[in-house]
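The values are calculated or read from the model by the stated rules, or taken from the named source; none is laboratory data. Computed from a predicted structure; not experimentally measured. Glycine gets a Cβ as well: all are built from the backbone with ideal geometry, and neighbour counts include every protein chain shown. The accessibility values were calculated without ligands, DNA or RNA, using every heavy atom of the protein model including side chains. Shrake-Rupley method; radii C 1.70, N 1.55, O 1.52, S 1.80 Å.
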Amino acid sequence: NNTSRHKRWPIVCLFAAWVLAVIALAGPSWNKIDSLALKQADALVILLDLSPSMLVKDVAPSRLQAAQFKILDLLKQRHEGYTGLIAYSGSAHVVAPLSDDNNTIAALVPSLEPGIMPKLGSQVEDAVAAAIALLNNAHFARGRILLMTDGVIPQAVENIREQLKDKSIE
């Protein structure tokens with residue numbers, strides 16, 4: 001019985017060494033993961049006006065559809081960076097948070113119309129505030145806002161300038 005134990009001892013040691021080697025190679029890992037406080041990538045937030053005036057057909061087929069086509073063209077050309085989409089009318093709503101998945105955003109664009117908005121109006125200032133919050137919450141150091149609208153009243157322009165003051169947003 002002693003001899004059978006002596007014969008198994010090298011096999012047990014070899015197996016134990018193999019298990020330890022597998023565990024050592026598999027992890028855990030103590031590599032430092034970079035956690036940037038502020039992202040430096042290109043961030044773009046598109047603000048789409050869904051007020052009823054966007055349904056006017058002075059631009060064929062309508063102002064809204066022309067804006068949607070331009071957004072879709074832009075998304076096709078954006079191969080890098082993060083894009084977000086906010087729809088606004090009487091209030092602003094995030095349609096798509098900042099993402100590098102332009103195909104998902106493009107799939108949402110055709111469904112946007114004034115009828116889905118809970119309130120009528122044209123609160124562009126709310127949309128800009130939502131865009132700033134979106135950029136801040138995603139920890140972007142800088143970003144750009146693209147406004148797709150048929151017009152902004154002068155008082156709203158002043159309010160937007162004040163909101164963007166001292167921010168790295170174009």
Need pairs with beta-carbon distance below 8 Å; first residue of a type in the set (S, T, N, Q) and within the stretch 155-168, second outside any helix (DSSP H, G or I); sequence gap 6+ or separate chains.
Ser168/Ala141; Ser168/Arg142; Ser168/Gly143
Count of residues meeting criterion [under 26 Å from Gln65 (Cα atoms) and in contact with an Asp or Glu (Cβ under 9 Å, 6 or more places away or on another chain)] in the stretch 131-151:
8
Go through the stretch 85-114 residue by residue and tally those that are open to solvent by 60 Å² or more (accessible area, probe 1.4 Å) and either closer than 17 Å to Leu135 by Cα or touching a helix residue (DSSP H, G or I) at 6+ places or on another chain (Cβ under 9 Å) (or both).
8
Those residues of the stretch 58-93 which are in contact with a Gly (Cβ under 9 Å, 6 or more places away or on another chain) and farther than 19 Å from Asp42 by Cβ, in sequence order:
Tyr88, Ser89, Gly90, Ser91
Scanning the stretch 115-124 residue by residue, the ones that are crowded, with 21+ Cβ neighbours inside 10 Å and outside any helix (DSSP H, G or I) total 1
Starting from the stretch 54-66, keep only residues that are in contact (Cβ under 8 Å) with a residue 60 or more places away in the chain and surrounded by 11 or more Cβ atoms within 10 Å (Cβ to Cβ), then list their pairs with residues that are hydroxyl-bearing (Ser, Thr, Tyr) and assigned to a helix (DSSP H, G or I) whose Cβ atoms are within a distance under 8 Å, requiring at least 6 positions of separation or different chains.
Arg63/Ser53
Name, by its number, the condition in (1) at pLDDT 95 or above; (2) among the aliphatic types (A, V, I, L, M); (3) not in a helix (DSSP H, G or I) that does not hold for Ala127.
(3)
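To keep it simple, each residue is scored yes or no on (1) among the polar types (S, T, N, Q); (2) in a strand (DSSP E or B); (3) free of Cβ contacts under 8 Å to residues at least 60 places away in the same chain.
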{"position": "Thr83", "(1), (2), (3)": "yes, yes, yes"}
{"position": "Gly90", "(1), (2), (3)": "no, no, yes"}
{"position": "Val94", "(1), (2), (3)": "no, yes, yes"}
{"position": "Thr104", "(1), (2), (3)": "yes, no, yes"}
{"position": "Ala133", "(1), (2), (3)": "no, no, yes"}
